[in-house]
Amino acid sequence: MGKSVIKSKREGKCLPFLLIPASFFLIELFGFFFLSLDGEGFSGAELWPLAFGALWGVILGGLVRLLPWKAGRILYGLLYFTAAVYAVVQTGYYILFSEMLWLSDFRYASEGSDYWKVLLSYPALWWLCVLGLLLQGIGILRQFPRWKMSWLPGFAAALLAVMAAVGAYYLPQAVFLNDSGIRYAGSDYGRSQSAEAAYRNMFNTHRLYQVCGLYQTLSKDVYANVIYPQTPGYASARAAARKEVDTYFAGQTDSGANAMTGLLEGKNVVLVLMESMDDWMIGEHTPTLSRLMKEGIHFTNFYTPVYGGIRTFNTEFCINTGTFLSSQGGYAFDYVTNHFNQSLASLLRREGYSAKTFHYNDPSFYSRGVFSVAMGYEEYVSYGDYVADEENAEDLLYDDLLLFDNEELNRKFFREGPKLNFIITRSAHLSYKYNEVLSYWGLKKYPQYRGLTGNEETDCAYLKARLVDDLFDRLLRELEVQGELENTVIIGVTDHYTYGYKDEESLLKLSGVDQTLLLERTPCFIWSPGLKPIKVDKVLNTSDFLPTVLNLLGVESPYSYIGHDAFDSLYAGFVPFSDGSWISGRMGYDASSEELISVDANRRTVSDTFRSYMDEKVHRFIQINNLLLETDYYRGK
């Protein structure tokens, strides 16, 4: 296959066919450079992705050679540029989020188009490599080899492709040998960090990539999430999975009612998802939020780990349903037909509440117009529908205070009867540049933030935090005017940390931590007039939010949740991350660096037994979380 040559019609040069499989391998090499390396060299990854990339180069090259040269040229173009786009998107996303996407997550790309300027901050080397991939593909297509169909070269190509495919099928067994000594004795599951667990259970895209490279990750994604659900065995597997979830919940223990049960029973609920409102942004620039946290229930170690490929909707979904998005991929909208009987809105509506969602964005964004209703809300209220005819409609939508400034929106918010109002803010969203549209608008209102700290990103972050604080200040005043303040509980929770802040070294200092994993800690508080101030230092995660709120409201849910009530004395608290990382008490494990970390300055160690226990616990949590969605577990419960 490597000896096939042809003269270019344009230049008369000979182009070896070997460049065809080599070009596919170079895509894998591009991915390896940006997905496996960091400033200190290897980040726990080995050379296995390149081994798989070499095999896939032979497989794809063989498929191209099996066809007549014209058809082969077309197939090559389709395969090469599909693989190149996949690699570019994955590496680009990883540079920004330190995560990779499942194919289904690509559907959200258009919903991030408003923030395209973040690409300008990408390293020049990445852009040069992307350009190199583009020029390589175009160059090979322009000087593509020709060949005459004959049985011997075709047989050789087929044989090589089959041998490479067999190699790619069995090579994971060699990778699994690295798991020696880390298996959890007597368990069906390896530690969550094991290569076999990552490969077979596909609990995290990047961990899967580290085992088998870009091409095999893509092929497993296509099979698991596109092909397999169409097979006859899928239904029986779902039934078995539901029984597995039943068994998991049957093994859970809780202390039942506690001193906090029903403390806020019967009150109206205002739930505010504070977009990008990080913990370090709370302080002198947020007097209202600071007061609410001091006077209410302040969860000081609340973490919002990302599952799936989208951060904001992941937290939005979890605080409402008690379940993270699937770590195995699957478009969030794929679950819109699920039954969310266990959700906050569904349960409160059974108690006689009305429930509405309020946000500036179009209902099609993250499919909120449909998903909000699916999660139990009566209506998704988009601010744009109420100012569409205004000359300065765009400027009005920059301001979260529009909810109260607009008479119609105000009436919807302060409707009669007990109510749940879910507000999704906009103000603190990235990016943190003076010329970003929201920052530019905010600086007109608070010009003193330009140059405040000497760091443009920090200035803009504090500015946007001030805008979020304005919303809470106005909310309190409006509730008092309407005579509803005494009968209302205000809940603030952040969707994710300020990942749009590009200077990570400065971000670590601002957050007061020395490990990237610890940046995932975000603000969460519950406030109501007369509530006794409580500081909860237990380590909690997003899935604990719903059981905790239901307990405080005195709502007896007939459903089991993967999270726990924060005030359950039998629950020690922990944070399971979708890549197998975890935090428990004052210690944690970062899967990306494969290192134990300390939450505070006191460096401590943990026993191998405890580490194995935590790895198994996290692995099981991730598996059950995924099954809850895949099986539509709460349907008919």
Item to check | Residues located in region 579-637, provided they are within 30 Å of Lys509 (Cβ to Cβ), open to solvent by 10 Å² or more (accessible area, probe 1.4 Å) and among the hydroxyl-bearing types (Ser, Thr, Tyr) | outcome: Ser584, Ser592, Ser593, Thr605
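For region 192-234, enumerate the residues that are more than 30 Å from Glu594 (Cβ to Cβ) and surrounded by 14 or more Cβ atoms within 10 Å (Cβ to Cβ). Talk me through it step by step, then tell me what you get.
Filtering region 192-234 down to residues more than 30 Å from Glu594 (Cβ to Cβ) leaves 226-234.
Once the filter is applied, which keeps residues that are more than 30 Å from Glu594 (Cβ to Cβ) and surrounded by 14 or more Cβ atoms within 10 Å (Cβ to Cβ), region 192-234 yields only Pro229.
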Next on the checklist: For a quick check of your reading of the model, give me the residue pairs whose first member lies in region 427-448 and is of a type in the set (Lys, Arg), whose second is in a helix (DSSP H, G or I) and open to solvent by less than 50 Å² (accessible area, probe 1.4 Å), with beta-carbon atoms closer than 9 Å and at least 6 apart or on different chains.
Outcome noted: Lys433/Ser439; Lys433/Glu457; Lys433/Cys460; Lys445/Leu463; Lys445/Leu467; Lys445/Asp470
Next on the checklist: Filter region 235-266 down to the residues that are modelled with pLDDT of 95 or more and either open to solvent by less than 30 Å² (accessible area, probe 1.4 Å) or under 26 Å from the mean Cα position of the chain (by Cα) (or both) and list them by number.
Outcome noted: Glu244, Val245, Tyr248, Phe249, Met260, Gly262, Leu264
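Any idea how many residues of region 364-409 are outside any strand (DSSP E or B) and open to solvent by 40 Å² or more (accessible area, probe 1.4 Å)? Write out each step before concluding.
From region 364-409, those outside any strand (DSSP E or B) are 364-378, 383-409; that's our starting set.
Checking the rest, the ones that are also open to solvent by 40 Å² or more (accessible area, probe 1.4 Å) come to 364, 370, 373, 378, 385-386, 388-392, 394-396, 405, 407-408.
Going through region 364-409 one residue at a time, the tally reaches 17.
Can you report the number of residues in region 565-590 which are assigned to a loop (DSSP other than H, G, I, E, B) and not polar (S, T, N, Q)?
Result for region 565-590: 14.
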Checklist entry - All but one of (1) farther than 29 Å from Tyr377 by Cβ; (2) modelled with pLDDT of 95 or more; (3) in contact with a Gly (Cβ under 7 Å, 6 or more places away or on another chain) hold for Pro418; which doesn't? => result (1)
Checklist entry - Hey, Thr304 hits all of (1) surrounded by fewer than 20 Cβ atoms within 10 Å (Cβ to Cβ); (2) in contact with a His (Cβ under 6 Å, 6 or more places away or on another chain) but one; which does it fall short on? => result (1)
Checklist entry - So which pairs qualify, if the first residue must be in region 315-326 and under 15 Å from Gly492 (Cα atoms) and in a helix (DSSP H, G or I), the second must be open to solvent by 10 Å² or more (accessible area, probe 1.4 Å) and of a type in the set (S, T, N, Q), the Cβ gap must be under 6 Å, and the two must be at least 6 apart or on different chains? => result none
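Quick test for you: out of Ser560, Ser612, Ser593, pick the one residue that is farther than 22 Å from Leu273 by Cβ, outside any loop (DSSP other than H, G, I, E, B), under 27 Å from the mean Cα position of the chain (by Cα) and among the small types (Gly, Ala, Ser).
Numbers: Ser560 fails: outside any loop (DSSP other than H, G, I, E, B); Ser593 fails: outside any loop (DSSP other than H, G, I, E, B).
Every option except Ser612 fails the conditions.
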Item to check | Glu111 of a type outside the set (Gly, Ala, Ser), open to solvent by 40 Å² or more (accessible area, probe 1.4 Å) and at pLDDT below 95 | outcome: no
Item to check | Search result, residues across region 268-301 that are open to solvent by 20 Å² or more (accessible area, probe 1.4 Å), in contact with a Lys or Arg (Cβ under 8 Å, 6 or more places away or on another chain) and within 27 Å of Ala355 (Cα to Cα) | outcome: His298
Item to check | Filter result (exposed (fewer than 11 other Cβ atoms within 10 Å of the Cβ) and within 30 Å of Leu430 (Cα to Cα)) within region 120-161 | outcome: Leu120, Pro123, Ala124, Leu125, Leu128, Leu131
Checklist entry - So which residues in region 264-308 are assigned to a strand (DSSP E or B) and closer than 22 Å to Gly563 by Cβ, if there are any at all? => result Val269, Val270, Leu271, Val272, Leu273, Met274, Ile297, His298, Phe299, Phe302, Tyr303
Item to check | Flag if Val130 is modelled with pLDDT of 95 or more, in a helix (DSSP H, G or I), among the hydrophobic types (A, V, I, L, M, F, W, C) and more than 30 Å from Ala591 (Cβ to Cβ) | outcome: no
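Looking at Gly322, is it closer than 27 Å to Met100 by Cα, open to solvent by 10 Å² or more (accessible area, probe 1.4 Å) and under 20 Å from the mean Cα position of the chain (by Cα)?
It is false that Gly322 is closer than 27 Å to Met100 by Cα, open to solvent by 10 Å² or more (accessible area, probe 1.4 Å) and under 20 Å from the mean Cα position of the chain (by Cα).
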Item to check | Of residues in region 23-41 being modelled with pLDDT under 95 and touching a Phe, Trp or Tyr at 6+ places or on another chain (Cβ under 8 Å), the one farthest from Leu135 (Cα to Cα) | outcome: Ser36
Next on the checklist: Quick check on Trp102: is it under 30 Å from Ala428 (Cα atoms), open to solvent by less than 10 Å² (accessible area, probe 1.4 Å), out of contact with any Cys (no Cβ under 9 Å at 6 or more places or on another chain) and modelled with pLDDT under 90?
Outcome noted: yes
Checklist entry - Which one of the conditions (1) surrounded by fewer than 22 Cβ atoms within 10 Å (Cβ to Cβ); (2) closer than 22 Å to Asn225 by Cβ; (3) touching an Asp or Glu at 6+ places or on another chain (Cβ under 8 Å) does Tyr360 fail to meet, given that it meets all the rest? => result (2)
Item to check | Subset tally (residues that are under 13 Å from Tyr497 (Cα atoms) and over 10 Å from the mean Cα position of the chain (by Cα)) for region 302-318 | outcome: 2
Checklist entry - Of Leu430, Leu438, Leu452, which residue is at pLDDT 95 or above and among the aliphatic types (A, V, I, L, M)? => result Leu452
Item to check | Hey, Tyr303 touching an Asp or Glu at 6+ places or on another chain (Cβ under 6 Å) and touching a residue at least 24 places away in the same chain (Cβ under 8 Å) or not | outcome: yes
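The values are calculated or read from the model by the stated rules, or taken from the named source; none is laboratory data. Keep in mind that this is a model prediction, so the values were computed, not measured. Positions of Cβ are generated from backbone atoms using ideal geometry, with glycine treated the same way; all protein chains shown enter the neighbour counts. These accessible areas exclude ligands, DNA and RNA; they are computed on the full protein's heavy atoms, side chains included. Shrake-Rupley method; radii C 1.70, N 1.55, O 1.52, S 1.80 Å.
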